[in-house]
Amino acid sequence: MANLPSGSHILSGAESQRLRSFCSSESFSASDLDQYAHLLQKGTLEAVRADFQVRVEADDLEQARSSLAAIAYGPTKIPLYNYILQLIFLDPQNRARYLNYFRFLALEAKVPVDSRDLSGTTTFMHSTSTKPHLEIEVADILLEVGAEINHRNRYGCVAAHDIVMIMDFTPAGKKRLLTH
C-alpha cells in the first residue's frame, strides 16, 4: 500500500485492484479502537449524548462535530458512521440502539455524514450496497441530512452503480421490491 498514490483521485487498473484487495481483506482489531468506539459498542444513547455534550463544552460545537467526523479506525480508515453501520451487522440484536446513534449524531448533533474510508467510500454508499451492508433506514437518515449522493469513490463509482448492479429485474425481484 505504500506505493499506492494517496489522495482522493480515482484509481484504475492495477492500482485500483490493489486498493480493492487491501480494503476487502483488512479489518480493524480491538487495538485500533478508542474509548469512543467502545462507548458506541456497549454504551447507551444517553451516554453518547453525554459524550457529545462534554466535547462541546471542552471545545465548541463545530470542533466537537469535526472531531467525530474525523474518526478513522483501523488500516482502512473506517469513519464513525461506517463503524456504527458495521455494528448493526455484527450485533443485530442491538440494531435499534445503533439506528438511534445515527439519528442522534446525524439529525440532532449534525455531525457531518460524508466522511470517507481509505477507498473513498462513504457510509451512504455502503448503506445502499448489498455487500456487505444494505441498510435502507441508514440511507434514509443520511439522505435526510444531505448525504452526497454523487460522490465518486476511488474506484470511480457512485452509490447508484451498486444499486443498479444488484437490482433484481426478474418478475420475482420486482415483486419483492414492491412489497418492501
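Laboratory data are not the source of any read-out in this text; all were calculated from the coordinates shown. Because the structure is predicted, anything quoted here is derived from the model rather than measured. FYI the Cβ positions are ideal-geometry reconstructions off the backbone, even for glycines, and counts take in every protein chain you see.
Full extension from Ser29 to Arg49: what is 0.36 nm times the residue separation minus their Cα-Cα distance, to one decimal in nm? Each step should come with its number before you reach the end.
Details: separation 20, 0.36 × 20 = 7.20 nm, distance 2.54 nm.
This chain segment gains 4.7 nm when fully extended.
With n ≥ 4 as the cut-off for DSSP H runs, can you work out [θ] at 222 nm for the chain, using -39500 (n - 2.57) per run divided by the number of residues, rounded to the nearest 500?
The per-residue figure over the chain is -15000 deg cm²/dmol.
Cβ under 12 Å from Asn82's Cβ, Asn82 left aside: what net charge do those residues give with Lys, Arg +1 and Asp, Glu -1? Mind dumping the intermediate values first?
Numbers: positive: Lys77, Arg116; negative: Asp114, Asp117, Glu135.
Residues near Asn82 contribute -1 overall.
Of Leu107, Val54, Phe89, whose Cα points farthest to the positive end of the dipole of the range 43-158 (charges on the beta-carbon: +1 Lys, Arg; -1 Asp, Glu; origin at the Cα centre)?
Result: Phe89.
Give me the extension gain from Ile136 to Phe89: residue separation times 0.36 nm, minus the current Cα-Cα distance, reported in nm with one decimal.
Working: separation 47, 0.36 × 47 = 16.92 nm, distance 1.31 nm.
Answer, rounded to one decimal: 15.6 nm.
Please count, across the chain, the pairs of lysine residues with Cα atoms under 26 Å apart that sit 8 or more places apart or on different chains.
7
Here are labelled values, [x] 19.9, 60; [y] 17.0, 56; [z] 23.2, 79, and one is the computed Rg and Dmax of the Cα atoms in Å for what I pasted. Which one?
[y]
Please report the spacing between the Cα centers of the range 92-139 and the range 46-79 in Å, no decimals.
When both Cα centres are located, 15 Å separates them.
Going by average Cβ density within 10 Å per residue, which order do the peptides 109-118, 137-146 take, highest to lowest?
109-118, 137-146
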